[in-house]
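Every number in this text was worked out from the coordinates using simple rules, so none of it is lab data. Bear in mind the structure is a predicted one, so any value in this text is a computation, not a measurement.
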Amino acid sequence: MEEDEAFAKQLQAHLAALYRDQGRYSEAEPLYLKALDIFERRLGVNHPNTVTVGRGLANLRDRLNSQQ
């Protein structure tokens, strides 16, 4: 079961990145936020996977800000 959960959270983070890269920002942000919350609780804020998801969210927000 834990392997399924780990796979699901990785998949969610990858889907968020895909949406971001496709310009589907409104769909990407909630996925990033949920994935980041899960990664922080499960792995800690300094884990490389958590940091990667956080950077993806920051990149998304930079793109959103540059559109305004």
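Structure values in brief
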item: Degrees separating the helix 2-21 axis from the principal Cα axis of the chain, which is the longest one; result: 10 degrees
item: Folded to 0 to 90 degrees: helix 48-67 orientation relative to the chain principal axis, Cα; result: 20 degrees
item: Fully extended contour minus Cα-Cα distance, from L64 to L11, at 0.36 nm per residue; result: 16.8 nm
item: Nearest-ten-degree value, helix 25-43 long axis tilted from longest Cα axis of the chain; result: 30 degrees
item: Convex hull of the chain built on C-alpha atoms - directionally averaged projected area, nm²; result: 4.3 nm²
